[in-house]
Amino acid sequence: MHGVALLLPSGEASGTRRPSRLPVAAMRPLARRLARAGREEGLVVHVVHYRFRGWNGAAAHPARDAEWAVDEAVRRYGDVPVCLIGTGMGARAALRAGGHPAVNSVLALAPWLPEPDSAAGPGSAPEPEPDPVKQLAGRQVLIAHGTNDARTDPDLSYRLAERAKKINRQVCRFEVHSDGHGLHQHRSEVTALAVDFMMGSLFARGYSR
């Protein structure tokens, strides 16, 4: 075993019901593509299942689940590098959990990064500060966001990337021009980008220009 990729599905702003199966199913094609690309390197790929369907304000339940998943990967596979790959709310969870010692890289696709005080749902504690970035120091970080995303604001991921870049030069953000939240219009290019980033981060392959 030489590396682990943990995929973090999207979700909702709030909700303590069991998660829908649809976001997990939506991650499986990417999981299969990553597994094929890294098979010879000994890559293991898992899609993380959350306890709850919502972020739930300051509780940040998916981020806690992501940290648990990294702990479990270390328990199962030992001292191997972990790449966190998330979409939407899962991308936010990946960025938040990126400070785990076993994580060496984070790929955030169309991350949901709400303005402070706007992310808490009913019964959830508010989030008075912007999302932290200090935990990303020393990690390879790639953010990709469609310029026409109507569900998660690309300007907010740009602002986070700007803040993260000040403490970590290994932060890169791609704008996928004219694409929406699901990045369907340029799916093959985004998938190739994800594969290239994961292989370069986990296995020291040269990144494609």
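Worth a mention:
- Residue within region 149-156 that is open to solvent by 40 Å² or more (accessible area, probe 1.4 Å) and part of a helix (DSSP H, G or I) present: yes
- Considered as a group, the residues in region 28-67 that are of a type in the set (Gly, Ala, Ser) and in a loop (DSSP other than H, G, I, E, B) include one that is surrounded by the fewest Cβ atoms within 10 Å (Cβ to Cβ), and that residue is Gly42.
- Residue within region 2-15 that is open to solvent by 20 Å² or more (accessible area, probe 1.4 Å), free of Cβ contacts under 8 Å to residues at least 24 places away in the same chain and over 25 Å from Glu115 (Cα atoms) present: no
- Residue match in region 82-93 (condition: open to solvent by 10 Å² or more (accessible area, probe 1.4 Å) and not β-branched (Val, Ile, Thr)): no
- Test for Pro23: is it surrounded by fewer than 24 Cβ atoms within 10 Å (Cβ to Cβ) and either touching a strand residue (DSSP E or B) at 6+ places or on another chain (Cβ under 8 Å) or part of a helix (DSSP H, G or I) (or both): yes
- Just one residue in the set Ser201, Ser188 is surrounded by fewer than 20 Cβ atoms within 10 Å (Cβ to Cβ), more than 13 Å from Leu109 (Cα to Cα) and of a type outside the set (A, V, I, L, M, F, W, C); that residue is Ser188.
- Test: Val106 is in contact with a Leu (Cβ under 6 Å, 6 or more places away or on another chain), at pLDDT 95 or above and under 23 Å from Leu193 (Cα atoms): yes
- Among the residues of region 153-209, the ones that are touching a Gly at 6+ places or on another chain (Cβ under 6 Å) and aliphatic (A, V, I, L, M) come to 3 in all.
- Residue count for region 171-202 under the criterion of being part of a loop (DSSP other than H, G, I, E, B) and farther than 25 Å from Ala35 by Cβ: the result is 3.
- The set of residues in region 129-145 that are in a strand (DSSP E or B) and open to solvent by 10 Å² or more (accessible area, probe 1.4 Å) contains only Gln140.
- Residue match in region 1-13 (condition: over 28 Å from Phe203 (Cα atoms) and more than 13 Å from the chain's Cα centre (by Cα)): yes
- Hits in region 68-88 (condition: in a helix (DSSP H, G or I) and either under 9 Å from the mean Cα position of the chain (by Cα) or not basic (Lys, Arg) (or both)): Trp68, Ala69, Val70, Asp71, Glu72, Ala73, Val74, Tyr77
- Members of region 164-185 that are surrounded by 16 or more Cβ atoms within 10 Å (Cβ to Cβ), among the charged types (D, E, K, R) and in contact (Cβ under 8 Å) with a residue 12 or more places away in the chain: Arg173, Asp179
The values are calculated or read from the model by the stated rules, or taken from the named source; none is laboratory data. Every value quoted in this text rests on a predicted model; they were computed, and no experiment measured them. Cβ: placed from backbone, ideal geometry, glycine included. Neighbour counts: every protein chain shown. The protein model used for the area step is the full one, side chains on, heavy atoms only, and it has no ligands, DNA or RNA in it. Shrake-Rupley method; radii C 1.70, N 1.55, O 1.52, S 1.80 Å.
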